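The values are calculated or read from the model by the stated rules, or taken from the named source; none is laboratory data. Bear in mind the structure is a predicted one, so any value in this text is a computation, not a measurement. Quick reminder, even Gly has a Cβ in these numbers, built from the backbone with ideal geometry, and neighbours come from all protein chains shown.
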């Protein structure tokens, strides 16, 4: 699959771009079809028709719009099909043929359409967002200049055919980088899905290393044999050295800038990780310190209890800050023990009775600890706001998931009307579950009570039957 | 299966304070015909009054509550038992249910709920607290069938149906029979039937897993 693009550049893997060589070139060389072809055909067959569309697509009017949910990449072909009334498969075949005939420039056109044509039902294109994305533009230009440099080098070695295919490739890659950085999440997910098999091979562990080394070996042998075939004597390699010097000159000028872009990308990734850590920490502080402060305010007339609460909180905070033990942490515990601990703590702190029932048991991992933390928050909420003295807490361990239900028969509330500064439900429950791949639903009817249902999938390979 | 309007009740508990508490909570909704504080007096009082329902503490000084049930079951099968317990040890609860009690509630139950439970038991239905529902789900938890090598004489008794499981789950989540009926869009009567059927399985099943589950928790 890398036959044609072999000597041509690959984008640096760390750049996180979707521009694997096989991707934009999908419609260019016949060899490229072998990989993704069967899966694409499956996707054609499986895609349900949109309501109102017959086998002979009905023609829409108005400006051209992309339809990503019908498309393989950006939905340009689907948009064209809907606009012209032609069959989608026909339009796709035409695009692929056009890509071959125009030596890849149809691919460039596709990418440009992707950039400037808005998604159906909206009016703003990706290109409109690109204007705001200065870092994305810098990245695209940096990557483009790097690729141009390599293209010059390859051209100097003598592969003129690389030139004809190289330019559309470079333009497509630059366009795809901009699309990647500025497209909505759903389209990014589609692109990631398509590129994953390629990146998975080149990145993943030992197998990745082996794959990379063998690909590099093949490329090296191919390159050397091409050189040997074209230039019989070493003396004709002088143009190569000349080209290398030109590249070196470009690298000296642009090198620092390229490095800067790479550093920016790393910094951006770190910032995202930091933001996630911050959210996690805010949730913990909310659950422990803010809750305790609220209780202290409410029990201001009972000095003995206030002292007790403050002391317990101080111990917990110290353990967290200096020993790294998270508040409410459930180290070396099983799920059932964790549920019991929630029951005891909430009963002691909030003076309600918690009817805890656990079915099955398993070891706690990070995911399940997050589940318990969310369950604890839901139980505390029920104890504080429901106005009744009994809270039901039910946990069930199943082979594939663990579910917890927290229910009260209290006054209930309207989940849509919770003020924005109440972080409990949004942060401590919903976001906490979502970060770990779990789900949380809240059912509440004013006057009849509230039930919070939490489900966390168990990690594969750690299945354990419930204790019987 | 019709419940008497005022069920006749005997309270068996070793704490006098608790007995008088229950008596006042039940109020005039039931007729408390007798009290006892241990196994032997209980057997005597129950045999004498033949009440509709016996509120039976799981823990008695002279042994577990199941001794009372076992002693009376053969002689007076019409007397029904509702187990009450402060502890949540599954072995105690399951033992008294296996002996023949028609239900189990915790001592934290509210007065109205307790009256409701007594009525239900008097009518021949089963009463499951959330905790008992959890125990039963645990005991019948689905394990791969290969685990079960011992042939059973009645496979029907050895597993819960999907519907029974759903009902038990909702009980464990704190739903009342009425709420369960609404949630599953079935009648309350059907909910009662499912619970009674679970109780029957719990009492009669010779399921290998159930036996092992019980043995692990030191019962039988």
Going through (1) in contact with a strand residue (DSSP E or B) (Cβ under 8 Å, 6 or more places away or on another chain); (2) farther than 21 Å from residue B:124 by Cβ one by one, residue B:61 fails only at (1)
Answer with yes or no whether residue A:465 is surrounded by fewer than 17 Cβ atoms within 10 Å (Cβ to Cβ), away from every other protein chain (no Cβ under 14 Å) and either at pLDDT below 90 or not in a loop (DSSP other than H, G, I, E, B) (or both). no
Subset of segment A:341-371 (residues that are within 12 Å of another protein chain (Cβ to nearest Cβ), touching a residue at least 24 places away in the same chain (Cβ under 8 Å) and in a helix (DSSP H, G or I)): A:343
Look through segment A:372-396, keep the residues that are part of a helix (DSSP H, G or I) and either out of contact with any helix residue (DSSP H, G or I) (no Cβ under 7 Å at 6 or more places or on another chain) or at positive phi (or both), and return whichever of them is farthest from the other protein chains (Cβ to nearest Cβ). A:385
Verdict on residue A:117 being out of contact with any strand residue (DSSP E or B) (no Cβ under 6 Å at 6 or more places or on another chain), modelled with pLDDT of 80 or more and over 30 Å from residue A:249 (Cα atoms): no
Evaluate segment A:414-423: report whether one residue or more is modelled with pLDDT under 90 and at positive phi. no
Which of the residues belonging to segment A:348-361 are more than 16 Å from residue B:106 (Cα to Cα) and surrounded by fewer than 20 Cβ atoms within 10 Å (Cβ to Cβ)? A:348, A:349, A:350, A:351, A:361
With the checklist (1) under 26 Å from the mean Cα position of the chain (by Cα); (2) in a loop (DSSP other than H, G, I, E, B) in hand, flag the one item residue A:399 doesn't pass. (1)
Of the residues in segment B:92-139, those that are outside any loop (DSSP other than H, G, I, E, B), within 14 Å of another protein chain (Cβ to nearest Cβ) and more than 20 Å from residue B:32 (Cα to Cα) number 13
Identify all residues within segment B:21-47 that are assigned to a helix (DSSP H, G or I) and in contact with a strand residue (DSSP E or B) (Cβ under 9 Å, 6 or more places away or on another chain); write none if there are none. B:22, B:23, B:26, B:39, B:41, B:42, B:43, B:44, B:45, B:46
Give the residues of segment A:301-315 that are out of contact with any helix residue (DSSP H, G or I) (no Cβ under 7 Å at 6 or more places or on another chain) and either without any contact (Cβ under 8 Å) to a residue 12 or more places away in the chain or loosely packed, with under 15 Cβ neighbours inside 10 Å (or both), sorted by residue number. A:301, A:302, A:303, A:304, A:305, A:307, A:308, A:311, A:314, A:315
